[in-house]
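Asks: Structure incoming, see below.
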Amino acid sequence: MEERLQKLLAQAGLCSRREAERWIDDGRVTVNGKKASVGDKADPRRDKIFVDGKPIGGAEEKVYLMLYKPRGYVTTMSDEKGRRDVTELVRNVPCRVYPVGRLDMYSEGLLLMTNDGDFANYMMHPSHNVDKTYLTRVEGEDIGLAMEYLREPMELDGYVVDGAEVGLRSLFPGGAELEITIHEGRNRQVRKMCEAVGLKVLRLKRISEGALELGELKPGAWRYLTPEELERVRPKGER
């Protein structure tokens, strides 16, 4: 049966559908020797589908894991600047997995990784409002007022984002540790929200995503999601 190429690449565990579309646009994908276009369909039983001159495999067994990303690692599959990337931390996973969303180089905590493109797209897409909670250590003059502003919608990079849920964990001279939950998960959203209300982020750690919690996982360690965890976060149509 014919399927869209981006879906076939995701099912083969190569990348997410969004990334597959970029690969197709970049001319990296061919079908039966001809360069593919976004929207093309193919039947993997009949057609010869290649990425960078190599044939794609069939659908892999789906793998879902949680990594504690330490600070100092970039959330990419490789880095042109030679910085450490998260693939170094999952080399002992028996198949290729890629990050679900991002944590910037100086942030840490819960990062999902998978070879299931549909699952990755669901968890990353802002319209699905998968809540993400961060422990955020900040400096600022009026913490109480800044917390109130964080709870209000604000414009970031041309988007109006919902107000965050904000709780006070502790106070220290000149700052505080806050628990901040956001709903959209746009690029560097917590840092940008804090900056917009006059707070300087000293440390940012993601502790939960949807129904998943980082718990006692140590920096640099990973574990598979349990069937119960996967059931709680899997898109409803796949349960």
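Asks: Given the conditions (1) in contact with a helix residue (DSSP H, G or I) (Cβ under 8 Å, 6 or more places away or on another chain); (2) within 15 Å of Gly117 (Cβ to Cβ), and given that Ser78 satisfies all but one, which numbered condition is not satisfied?
Replies: (2)
Asks: Of all residues in the stretch 17-64, which are under 23 Å from Tyr122 (Cα atoms) and assigned to a strand (DSSP E or B)?
Replies: Passing the criteria: Lys41, Tyr64.
Asks: A further question on this structure: Quick check on my filter: what residues within the stretch 86-127 are at pLDDT 90 or above and aromatic (Phe, Trp, Tyr)?
Replies: Of everything in the stretch 86-127, just one residue is at pLDDT 90 or above and aromatic (Phe, Trp, Tyr), namely Tyr106.
Asks: If you scan the stretch 61-72, which residues turn out to be open to solvent by less than 30 Å² (accessible area, probe 1.4 Å), out of contact with any Phe, Trp or Tyr (no Cβ under 6 Å at 6 or more places or on another chain) and on the phi < 0 side of the Ramachandran plot?
Replies: First pass over the stretch 61-72, keeping only residues open to solvent by less than 30 Å² (accessible area, probe 1.4 Å): 63-70, 72.
Then drop every residue that is not out of contact with any Phe, Trp or Tyr (no Cβ under 6 Å at 6 or more places or on another chain), which leaves 63-64, 66, 68-70, 72.
Within the stretch 61-72, Val63, Tyr64, Met66, Tyr68, Lys69, Pro70 qualify.
Asks: Right, next: I want to confirm something. Restricting to the stretch 82-134 and keeping residues that are open to solvent by 10 Å² or more (accessible area, probe 1.4 Å), of a type in the set (S, T, N, Q) and in a loop (DSSP other than H, G, I, E, B), which single residue is nearest to Val233 (Cα to Cα)?
Replies: That would be Asn129.
Asks: Quick one: would you say Asp142 is farther than 27 Å from Leu89 by Cβ, in contact (Cβ under 8 Å) with a residue 40 or more places away in the chain and surrounded by fewer than 15 Cβ atoms within 10 Å (Cβ to Cβ)?
Replies: Yes; evaluated as a whole, the condition is true for this residue.
Asks: If I go through the stretch 7-16 residue by residue, how many of them are assigned to a helix (DSSP H, G or I) and free of Cβ contacts under 8 Å to residues at least 60 places away in the same chain?
Replies: Filtering the stretch 7-16 down to residues assigned to a helix (DSSP H, G or I) leaves 7-11.
If we keep only those that are free of Cβ contacts under 8 Å to residues at least 60 places away in the same chain as well, we get 8.
Total meeting the criteria: 1.
Asks: Taking Glu155, is it surrounded by fewer than 16 Cβ atoms within 10 Å (Cβ to Cβ) and in a loop (DSSP other than H, G, I, E, B)?
Replies: Against the criterion (surrounded by fewer than 16 Cβ atoms within 10 Å (Cβ to Cβ) and in a loop (DSSP other than H, G, I, E, B)), Glu155 does not qualify.
Asks: Going through the stretch 65-79 one residue at a time, which ones are in contact (Cβ under 8 Å) with a residue 40 or more places away in the chain and outside any loop (DSSP other than H, G, I, E, B)?
Replies: Leu65, Met66, Leu67, Tyr68, Lys69 - these are the residues of the stretch 65-79 that are in contact (Cβ under 8 Å) with a residue 40 or more places away in the chain and outside any loop (DSSP other than H, G, I, E, B).
Asks: Considering the stretch 2-50 alone, what residues qualify as being open to solvent by 50 Å² or more (accessible area, probe 1.4 Å) and at positive phi?
Replies: Asn32, Gly33, listed by residue number.
The values are calculated or read from the model by the stated rules, or taken from the named source; none is laboratory data. Keep in mind that this is a model prediction, so the values were computed, not measured. Note that each Cβ is placed from the backbone with ideal geometry, even for glycine, and that neighbours are counted across all protein chains shown. Ligands, DNA and RNA are stripped out before the accessible areas are found, and what is left, the full protein with its side chains, is counted by its heavy atoms. Shrake-Rupley method; radii C 1.70, N 1.55, O 1.52, S 1.80 Å.
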